[in-house]
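First the structure, in the form of structure tokens, and then the observations on it.
The values are calculated or read from the model by the stated rules, or taken from the named source; none is laboratory data. No experiment lies behind these values; they were computed from the predicted model shown. Please note: Cβ atoms are built from the backbone with ideal geometry, for glycine as well, and neighbour counts cover all protein chains shown. To get the accessible areas, we keep the full protein, side chains included, count just its heavy atoms, and leave off ligands, DNA and RNA. Shrake-Rupley method; radii C 1.70, N 1.55, O 1.52, S 1.80 Å.
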Amino acid sequence: QSAKCGACGPGYATPLDAMKGKYCAREEIVYLPCIYRNTGIEKPDYLATVDVDPKSPRYCQVIHRLPMPNLKDELHHSGWNACSSCFGDATKRRNRLILPSLISSRIYVVDVGTDSRAPRIHKIVEPVELFWKGNVANPHTSHCLGSGDILISCLGDPSGNGKGGFILLDGETFEVKGNWENGEKVPPLGYDFWYQPRHNVLMSTEWGAPKVLADGFNPADVERGHYGRRINVWDWSTHTYLQAIDLGQGSIPLEIRFLHNPDAAEGFVGCALSGAVHRFYKTEKGDWAAEKVIEVPSKKVQGWLLPDMPGLITDILISLDDRFLYFSNWLHGDIRQYDISNTRKPKLVGQVFLGGSITKGGPVTVVEDKELQCQPEPFVIKGKRVPGGPQMIQLSLDGKRLYVTSSLYSGWDKQFYPDLVKEGSVMLQIDVDTERGGLKVNKNFLVDFGKEPDGPVLAHEIRYPGGDCTSDIWM
């Protein structure tokens, strides 16, 4: 799991060490939060451990389930107590998974060190701790820091209004220390973040006000300013809010990724509603700017919520060698791979359709399409027609396998893909051509979360026990 190099901490010395599998073989198990909120099944969310080792008799099976002690948490994204940011500290171990709950505002600390195949709950941070010590709620992204602390971004305040604040957890006791940010200025909305100490910067993004997005999406709320449009720039050492980069009304910038090379002063952000990927970068005068480098055109449709259907870019990631960018279009139903050797001119080199809202024979008719000649066929694997569209993605360290799940967030799943809520989500795996680029579905790989013991469930983000492309940050 961690480095076998004498006095090293968790993770890897460099992104390329991680990619070469210097200290660990291919992934054998993955962890996914599974959500019952909004499905009509009154059961707690749980953390599933899935066997992804092709040599195992339990390949593609859920081998363990850790139920939470509460209902309707909406587990969402997870992080670690320690990652490659503490590689130099031999006292640290990557043995706790941090599981924030998007709706209940609870944070679960899960022990994955004692038995990685059967995680157990180590500690629960109750919502009142976030409310009283930080005046924040709806925790989203968790990253460990080189200091040993854990930094978690939040979407709102305890009343459900938007607020882009952060909370710090002690990396040993998991007590809430208070806010990370200093000063009066805080962005109006929060979501994801990434930091780059060599450039003294933290970048955060914006989804929407929690009480507005909690039960579904109303396009009118975009006009009312309840959804995000900015990348927010913070001073890493003073924790102060410096600058907002406006990506335009209704863009909704979600996942943000710096290049993995810690010297790089650039990265990418995927915008859900505008269907654009922007490259952000440090300018010559030392502030930050962004330029649109990819655009997924909307399709003119009939039989859907709006006359124009955006791709809805919901997750993006970058391979550890900073060569390929991947993202999912949850509504159009495709995953794309771009060669980013030239970061200003990404080149589409791979694309695969895995469901989505525009498949043939469905309720939606495409009347004008700038990209496709005809509507894609429904996606069927192992005899199952897959509901929903590709959403969360995770790449193997060597860059050769891309794992995909289909649930975005239960309140939106229910609205956009009612069949997904009825049938449960899936996990799929795509084989990646890392030489020339190219994506191909592995037809032998299907984890069907519609067959879970307590009924169909919505599985979300994917984590590897030894760290991955979207959790580890190098100092």
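Restricting attention to the range 360-387, which residues are open to solvent by less than 30 Å² (accessible area, probe 1.4 Å), over 27 Å from Asp339 (Cα atoms) and within 25 Å of the chain's Cα centre (by Cα)?
Ile381, Val386, Pro387
Suppose we filter the range 346-355 for residues that are part of a loop (DSSP other than H, G, I, E, B) and touching a strand residue (DSSP E or B) at 6+ places or on another chain (Cβ under 7 Å); how many remain?
Within the range 346-355, residues that are part of a loop (DSSP other than H, G, I, E, B) and touching a strand residue (DSSP E or B) at 6+ places or on another chain (Cβ under 7 Å) number 2.
Residues that are open to solvent by less than 50 Å² (accessible area, probe 1.4 Å), touching a residue at least 12 places away in the same chain (Cβ under 8 Å) and closer than 30 Å to Ala209 by Cβ, at least 2 per element: which strands (runs of 3 or more DSSP E) completely within the range 56-165 meet that?
Hits in the range 56-165: 96-100, 107-111, 137-144, 150-156.
Of all residues in the range 420-465, count the ones that are open to solvent by 30 Å² or more (accessible area, probe 1.4 Å), over 14 Å from Cys60 (Cα atoms) and not in a loop (DSSP other than H, G, I, E, B).
Of the residues in the range 420-465, 4 are open to solvent by 30 Å² or more (accessible area, probe 1.4 Å), over 14 Å from Cys60 (Cα atoms) and not in a loop (DSSP other than H, G, I, E, B).
Could you tell me whether any residue of the range 399-410 is surrounded by fewer than 24 Cβ atoms within 10 Å (Cβ to Cβ), in contact with a Gly (Cβ under 8 Å, 6 or more places away or on another chain) and not polar (S, T, N, Q)?
No, the conditions are met nowhere in the range 399-410.
So which residues in the range 278-292 are open to solvent by less than 30 Å² (accessible area, probe 1.4 Å) and aliphatic (A, V, I, L, M), if there are any at all?
If the condition is that a residue be open to solvent by less than 30 Å² (accessible area, probe 1.4 Å) and aliphatic (A, V, I, L, M), then Ala289 is the only one that fits.
Got a sec? Which of Gln391, Gln337 is assigned to a loop (DSSP other than H, G, I, E, B), within 30 Å of Asp263 (Cα to Cα) and open to solvent by less than 10 Å² (accessible area, probe 1.4 Å)?
Gln391
Any idea which residue in the range 394-419 is nearest to Pro297 (Cα to Cα), counting only those that are among the aromatic types (Phe, Trp, Tyr) and not in a loop (DSSP other than H, G, I, E, B)?
Step one: of the range 394-419, the residues among the aromatic types (Phe, Trp, Tyr) are 403, 409, 412, 416-417.
Adding the requirement that they be not in a loop (DSSP other than H, G, I, E, B) leaves 403, 412, 416.
On the way: Tyr403: 25, Trp412: 21, Phe416: 19 Å.
Out of the qualifying residues, it is Phe416.
What about Lys300, is it more than 24 Å from Lys345 (Cβ to Cβ) and either open to solvent by 30 Å² or more (accessible area, probe 1.4 Å) or out of contact with any strand residue (DSSP E or B) (no Cβ under 6 Å at 6 or more places or on another chain) (or both)?
So Lys300 passes the test.
Name every residue in the range 383-418 that is under 30 Å from Arg323 (Cα atoms) and of a type in the set (Gly, Ala, Ser), in order of residue number.
Result: Gly388, Gly389, Ser396, Gly399, Ser406, Ser407.
Could you count how many residues in the range 193-206 are surrounded by fewer than 23 Cβ atoms within 10 Å (Cβ to Cβ) and part of a loop (DSSP other than H, G, I, E, B)?
1
Regarding Gly250, is this residue in contact (Cβ under 8 Å) with a residue 24 or more places away in the chain and open to solvent by less than 30 Å² (accessible area, probe 1.4 Å)?
On the way: in contact (Cβ under 8 Å) with a residue 24 or more places away in the chain: yes; open to solvent by less than 30 Å² (accessible area, probe 1.4 Å): yes.
For Gly250, the condition - in contact (Cβ under 8 Å) with a residue 24 or more places away in the chain and open to solvent by less than 30 Å² (accessible area, probe 1.4 Å) - is met.
When the residues of the range 151-173 are narrowed to those that are under 19 Å from Gly467 (Cβ atoms) and in contact with a Lys or Arg (Cβ under 9 Å, 6 or more places away or on another chain), which ends up modelled with the highest pLDDT?
Of everything passing the filter in the range 151-173, Leu169 is modelled with the highest pLDDT.
One residue is enough: does the range 432-451 have a residue meeting the conditions of a type in the set (Ser, Thr, Tyr) and touching a Gly at 6+ places or on another chain (Cβ under 6 Å)?
So far as the range 432-451 goes, yes, one or more of its residues are of a type in the set (Ser, Thr, Tyr) and touching a Gly at 6+ places or on another chain (Cβ under 6 Å).
Hey, could you check the range 307-324 for residues that are without any contact (Cβ under 8 Å) to a residue 60 or more places away in the chain and assigned to a strand (DSSP E or B) and say which is farthest from Gly275 (Cα to Cα)?
Among them, the one singled out is Asp308.
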